[in-house]
Amino acid sequence: MLRRRKGSEPEKSSGGDSKDQREDGSKKEKEKEKGKLKSTRKWSCIDNCCWFVGCICSIWWFLLFLFNAMPASFPQYVTEAITGPLPDPPGVKLRKEGLTVNHPVVFVPGIVTGGLELWEGHQCADGLFRKRLWGGTFGEVYKRPLCWVEHMSLDNETGLDPPGIRIRPVSGLVAADYFAPGYFVWAVLIANLARIGYEEKTMYMAAYDWRISFQNTEVRDQSLSRIKSNIELMVATSGGKKVVVIPHSMGVLYFLHFMKWVEAPAPMGGGGGSGWCAKHIKAVMNIGGPFLGVPKAVSGLFSAEAKDIAVARGIAPGFLDADVFGLQTLQHVMRMTRTWDSTMSMLPKGGDTVWGDLDWSPEAEYSCNPKKQMNNDNKTADQTEKGSLGLKNSVNYGRIISFGKDVAEAHSSRIERLDFRGAVKGKNFANTTCRDIWTEYDDMGIGGVQAVVDYKSYTADSILDLLHFVAPKMMSRGDAHFSYGIADNLDDPKYKHYKYWSNPLETK
């Protein structure tokens, strides 16, 4: 039924023409095959990644173009459209009320908020002359961390510059306006004072190297003399108007030391006489002053674990203990911060009399309620009295350090303690690898560490003995510059020494 049909034979042509036609036909067939392959080719993972990166970059550049092209007031316009008109800044309100420049203002920054720059360093710090090692972007921490730690550390014997290294405070208002990009310290206050007419000649940032002890800022940099001279200049150029001083954090203790130094006779003091402060200072407005010390300074010096480190450890347990890239983070931080003598100025002052003992503290009757109680809460009186944390009857705030939750909550009669003060130190914690970082814990040995733990709970009095046991070199420097007691008789000539000037319990 089916027949095969013979195809019609092509007409014969000359040999040259047939060859050309065959070549053209083969080329067309190859091009068709290539087109089919292209049309049927599937995207690989690399194609998808390139497409995704290209989209992200295009969107980013488009948004960046819009950001630079839009008017400066556009973000404020959008915000006001959503939330309503923004309130005037304090400076604008004061200007509307008719307030203008009156008394010159002096800012005294606290610990870690002032910028520090490099003036001389080792070979690893080439190219960093007058660049900030502290403050700003902190870029050198990531680029060369070991070099940064080496230059930020002070001499462990003298508490001053190590050989071949000079780091000095940044001068001017930029020294502490911003701690880091987007993290302001004094910038907002400076901007609002500028709105009522203040400028650099009526504002002065009393920058100093916050790492070294207060008296050593005068010995090395003459920082106290510079503050004195600038205050006298501001009073003279403002028509005799006294200055208003605004210290913050540890700057409160530093300026307390300054006020005693400036009136004390030379060479220990500034020689200004007993009436210098009354003649030049209108008022002192302290912000967050640690007059009696802060307990978190203890944990920072004891184990380099201040509050931020403790939070990081809670989020990622074991990360800071790990030897990441051989850096041994906490060991480096401990070795560095224990050379900063200024941190010892914030240890608790007044001992157990002020801070409490194992079973008593001034906060014993205080109920800790981190959240405001709502009117419709159905809590009983007993639940409200205990506080939302339920810690009123279990926590003894006089115990600044406790080894174990059971020790922190138990009554002192149930705690068996072994005195650590007479413990024999060993060196069986000595360095065993080239990557170990030496700290004073290496001189304690296992026996010394065990003795510290066996004492179990420490109050403000025993904390000082603990730090003397754990970090004797650091505390020997601290004893020469700071005191933590309560004066028996302020007329005693010994209280004229500068070590007492930053303790309000031991100075007039």
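Selection of the stretch 136-156 for residues being farther than 13 Å from MET336 by Cα, open to solvent by 50 Å² or more (accessible area, probe 1.4 Å) and not polar (S, T, N, Q) yields TYR142, LYS143, ARG144. All of (1) of a type outside the set (S, T, N, Q); (2) open to solvent by 80 Å² or more (accessible area, probe 1.4 Å); (3) assigned to a loop (DSSP other than H, G, I, E, B); (4) modelled with pLDDT of 85 or more hold for ASP406 with one exception: (3). Filtering the stretch 167-197 to residues that are over 20 Å from ARG226 (Cβ atoms) and out of contact with any Ser or Thr (no Cβ under 9 Å at 6 or more places or on another chain) leaves TYR178, GLY182, TYR183, PHE184, ALA187, VAL188, LEU189, ALA191, ASN192, ALA194, ARG195. The set of residues in the stretch 471-498 being in contact (Cβ under 8 Å) with a residue 24 or more places away in the chain, in a helix (DSSP H, G or I) and buried (at least 18 other Cβ atoms within 10 Å of the Cβ) consists of MET474, MET475, ARG477, GLY478, HIS481, TYR498. Scanning the stretch 241-289 for residues that are part of a helix (DSSP H, G or I) and over 28 Å from the mean Cα position of the chain (by Cα) returns LYS260, TRP261, VAL262, GLU263, TRP276, CYS277, ALA278, LYS279, HIS280.
This table checks each residue for (1) on the phi > 0 side of the Ramachandran plot; (2) in contact with a strand residue (DSSP E or B) (Cβ under 7 Å, 6 or more places away or on another chain).
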| position | (1), (2) |
| --- | --- |
| PRO90 | no, no |
| ARG95 | no, no |
| GLY114 | no, yes |
| GLY127 | yes, no |
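Just to be sure, is GLY114 farther than 26 Å from ILE227 by Cβ and either over 29 Å from the mean Cα position of the chain (by Cα) or assigned to a loop (DSSP other than H, G, I, E, B) (or both)?
no
When LYS131 is tested against (1) under 30 Å from LYS241 (Cα atoms); (2) at pLDDT below 95, only condition (1) is not met. Considering only residues in the stretch 171-223 that are open to solvent by less than 60 Å² (accessible area, probe 1.4 Å) and among the charged types (D, E, K, R), the one that is farthest from SER153 (Cα to Cα) turns out to be ASP177.
Sub-6 Å Cβ pairs linking a first residue in the stretch 282-299 that is within 11 Å of HIS248 (Cβ to Cβ) to a second residue that is assigned to a helix (DSSP H, G or I) and open to solvent by less than 60 Å² (accessible area, probe 1.4 Å), at least 6 apart or interchain, are ASN286/VAL252; GLY289/VAL252; PRO290/MET346, ordered by first then second residue.
For LYS508, the test of being open to solvent by 50 Å² or more (accessible area, probe 1.4 Å) and not in a loop (DSSP other than H, G, I, E, B) is failed.
The values are calculated or read from the model by the stated rules, or taken from the named source; none is laboratory data. Nothing here was measured: the structure is a model prediction, and the numbers come from that model. Here Cβ is always computed from backbone atoms with ideal geometry, including for glycine, and neighbour counts include all displayed protein chains. Ligands, DNA and RNA are stripped out before the accessible areas are found, and what is left, the full protein with its side chains, is counted by its heavy atoms. Shrake-Rupley method; radii C 1.70, N 1.55, O 1.52, S 1.80 Å.
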